[in-house]
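Each remark here refers to the structure printed beneath this line.
The values are calculated or read from the model by the stated rules, or taken from the named source; none is laboratory data. The model shown is predicted, which means the values in this text are computed figures rather than measured ones. Please note: Cβ atoms are built from the backbone with ideal geometry, for glycine as well, and neighbour counts cover all protein chains shown.
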Amino acid sequence: MSESQQIGTEPASKNAGKLCAGKVADMQNVWETLRSEASRVAAEEPTLQHLVHDVILSRETLAAALGARLARRLAREDMPRSSMEPLLTGVFVAHPHIVHSATRDLLAMFERDPACFSPLEPVLFFKGFLALTTYRVAHQLWHDGRRWLALYLQSLASEAFSVDIHPAARIGCGILLDHATSFVVGETAIIEDDVSILHEVTLGGTGKDVGDRHPIIRSGVLLGAGAKILGRVEIGTGAKVGAGSVVLNDVSPHTTVAGVPAVVVGVPSEENPATAMNQKLDGCYHI
């Protein structure tokens, strides 16, 4: 079995070449780190003992921990925790590649966000991580033919996290969704691996077109806060989109665009804007 088969990579196509490809996260090491951090939190902050015990310390696996954390946030009267947690945990256990994808997201947030001082933080508190993980469950349910349930989880995530990701969208691994509020992703959007996205970003369509009508975001891209990318446009590998920009046309790889509508203003000063997280429009041309 190939590495991509082991971690559940979706079939490559001319439009999506890097969806959970490449490196494999050491999930056991991450799980041990989370348990160690949870023990420290329980000792240092007694008021959080119940939370960390319920979500981490009483669990045997990361799959079970993710199921418990999301169930605490998503359970409602029409689906109480007693029903929600077995559903979520069951999906994680049956599809371990989802846990791997979530682990890659978790590490991306820890490595790229200077405000994150422990990998336990995203699991407990970061709605960007929790929203992405909810999407990953909904995406699996969508492809399993359980579309009503997938849409139900989408609506819960929108309500709980102010993040609206259609379950049919295709999203790779190692995604930093920073702050996350008002992040919207349309049905046919594609986001490759190792992309960083700030709050109020929209990957939307442009009307009543059907079929492939939402953006493609290639690996290494940084999307600044409030950026709106509309239509079946492609943001090339290693590109940077400035905050508040409206992108209506393709963006070449390793190019910086900004404005309304967005135009080329220079080139990123780094090879991989997503990991550098430098939102300045450095290297701008005089236009």
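Pairs linking a residue in region 206-220 that is at negative phi to a residue that is of a type in the set (Asp, Glu) and surrounded by 10 or more Cβ atoms within 10 Å (Cβ to Cβ), with Cβ atoms under 6 Å and 6 or more positions apart or on different chains, are 216/234; 218/192; 219/192; 219/193; 219/194.
For every residue, the table says whether it meets (1) under 18 Å from residue 197 (Cα atoms); (2) in the same structural domain as residue 35 (by TED's automatic domain parsing); (3) not in a helix (DSSP H, G or I).
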{"residue": "130", "(1), (2), (3)": "yes, yes, no"}
{"residue": "133", "(1), (2), (3)": "yes, yes, no"}
{"residue": "138", "(1), (2), (3)": "no, yes, no"}
{"residue": "141", "(1), (2), (3)": "no, yes, no"}
{"residue": "145", "(1), (2), (3)": "no, yes, yes"}
{"residue": "157", "(1), (2), (3)": "yes, yes, no"}
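The selection criterion, being farther than 22 Å from residue 26 by Cβ and crowded, with 19+ Cβ neighbours inside 10 Å, does not hold for residue 120.
Here residue 206 does not qualify as hydroxyl-bearing (Ser, Thr, Tyr), within 27 Å of residue 272 (Cβ to Cβ) and either in the same structural domain as residue 248 (by TED's automatic domain parsing) or not in a loop (DSSP other than H, G, I, E, B) (or both). Each residue in region 17-65 was checked for being in a loop (DSSP other than H, G, I, E, B) and more than 21 Å from residue 104 (Cα to Cα), and 2 of them qualify.
Suppose the filter is under 18 Å from residue 133 (Cβ atoms), of a type in the set (Val, Ile, Thr) and in contact (Cβ under 8 Å) with a residue 60 or more places away in the chain; does residue 41 pass it? So residue 41 fails the test.
Quick check on residue 177: is it closer than 21 Å to residue 225 by Cα and crowded, with 24+ Cβ neighbours inside 10 Å? Yes: the conditions hold for residue 177. Restricting 150, 168, 180 to those that are in contact with a Phe, Trp or Tyr (Cβ under 6 Å, 6 or more places away or on another chain), outside any helix (DSSP H, G or I) and modelled with pLDDT of 95 or more reduces the list to 168.
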